[in-house]
Structure formats: structure tokens, C-alpha cells
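The values are calculated or read from the model by the stated rules, or taken from the named source; none is laboratory data. What you see is a predicted model; the values in this text were computed from it and never measured. Here the Cβ is made from the backbone with ideal geometry for all residues, glycine too, and neighbour counts use every protein chain on show. Ligands, DNA and RNA are excluded from the accessible area calculation, which covers all protein heavy atoms including side chains. Shrake-Rupley method; radii C 1.70, N 1.55, O 1.52, S 1.80 Å.
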Amino acid sequence: MGMKFRQIPAGTFTMGDASGDDDETPHEVTLTKPFKMGVHEVTQAQYEQVMGVNPSKFKGADNPVEKVSWDDAVEFCRRLSELPAEKEAGHVYRLPTEAEWEYACRAGTTTNFGFGDDDSNLDDYAWFRENSAEKTHPVGGKKPNAWGLYGMHGNVGEWCQDWKEDYPAGAVTDPTGPASGLYRVIRGGSYLKPAEYCRSASRSGGYPSYRYYYDGFRVSLSPSGK
């Protein structure tokens, strides 16, 4: 389908932001295995090819799909993984964990954004409230981060695997979030959000069955059995 992925190395980083909200408590996270992250948010053309429908409010084949629930995103990953060619290749598609998402967004940085602290530069990397005309835009239209990922800030919010709860107080390894909860994690801000909500550490959440016209997703790729 033309999906592109980048290999993200294993590593340790500080997740969260001391100057952010209460649920952004900085803590050390170690990811012990490399993983592949989608270069772009899933597009409407890709979603329709797998699911047979395009629910998006802002139509455009290369625009990110939106008005998809967390449940829809998980079903997309399941159906994509079940395609004969993908099964033969041993590919398993899934949503990234929240820790994987922030690690990939930061791309080795410790700053507010993947490009630094100055939000006046956000226009070069993201579609957000100040430049989006309150609509989505084709993926890949802004600069990528240092690891070659586009749109980690802005355009649409991105569903992650985890339930949303307060962070742990200490260091963790390969976290997958709490076992249950009310909301699923959404990351990255969106075309409707101001710069502060597009920070690498900024987090929000949504009911897993709700379809918001400002949220979509990107996928991770794992070998079968992982």
C-alpha cells in the first residue's frame, strides 16, 4: 500500500515534562528492542483500501484518516496483518505504545519538540492551530524529525495502545501502560491545537469507541511472535 517505516533503535530516555501537566511526570524509560514506526500517519487511501470505507471529515486520499476510534485503528491493524502477503512476510501491524510514540517523536532530543524548544519553528514541522486553517493536510508536507518521521507534531492526534493513567514514579522498562482504564492515550496534538499541546510530552485521551474528527493514528510494524 506504499506504507513506509523507519527502524527506531532501542534506548533509554526521559519520558514526560516537569513543566507540563501533572500527568507528565518525568521518569526514565528503557525500550530494550528496536521497532519500526510508520513514517506517516495512516492516510485515507490506505485506510479505505483495508477497511472499505473512508469516514474522514476532510476528504483527501493523502490526508490522514480521521473520525476513527481506537477500536477502528486496532481493527485496521488486525485486518492489515491478516492479508496473505503480510502474513507470508511475517508482518504484524499494531498501534505504538505511548512510550514508543514519545521516544520516536523526541528522536534523541530532550527539548519541548523534536526540533528544539522554540515553538516559533513549529510551522516548519507541523500543521497546528496557527497555520492549518482548521483542517487536515496531506501527510509529508512539513519537515521530518531527525529519525525521518513526519507529522509527529500536529495534523491529527494519534491513538496509542495504552490506557491513560498517571505515570509511574520510577524507572520502567518496555512499559505498556495500565491494565485497564477509561480513556486510551492520544498523542501529538492536532490541526486544532495550539503549540503547547503539540509538544513531545503532551498527552491527552479519548473513549476508545469515540470517533473524533481531529484524531487518527500511525502504525508500528513487528515481526510475528513479537
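The loop-placed trypsin sites (Lys or Arg not before Pro) in the range 28-81, going by DSSP, that have at most 11 neighbouring Cβ atoms within 10 Å of their Cβ come out as K59.
Apolar share of the accessible surface for the range 1-122: 46 percent from carbon plus sulfur atoms, 1.4 Å probe. The accessible-area ordering, largest first, of the residues Y93, Y197 stands as Y197, Y93, per a 1.4 angstrom probe. If R0 is taken as 30 Å, the Cβ-Cβ distance between Q7 and D71 corresponds to a FRET efficiency of 0.60. Modelled spin labels at N131 and Q49, positioned 7 Å past Cα toward Cβ, are 2.8 nm from each other. Accessible surface calculations at 1.4 Å, restricted to protein heavy atoms, place the range 10-159 at 43 Å² per residue.
Please report the net charge: other residues with Cβ closer than 11 Å to the Cβ of S190, K and R +1, D and E -1. Mind showing how you got there, number by number?
Values: positive: R129, K135, R187, K193; negative: E41, E66, E134, E158, D215.
It works out to a net charge of -1.
The loop-placed GluC sites (Glu not before Pro) in the range 133-226, going by DSSP, that have at most 13 neighbouring Cβ atoms within 10 Å of their Cβ come out as E134. Each label point was placed 7 Å from the Cα along the Cα-to-Cβ direction; for D118 and A85 their separation is 4.4 nm. Treating each Cα of the range 32-163 as one equal point scatterer and applying the Debye formula with no solvent, the log10 of I(q)/I(0) at q = 0.17 Å⁻¹ comes out as -0.98. Just so you know, the averaged projected area of the alpha carbon convex hull for the chain sits at 11.1 nm².
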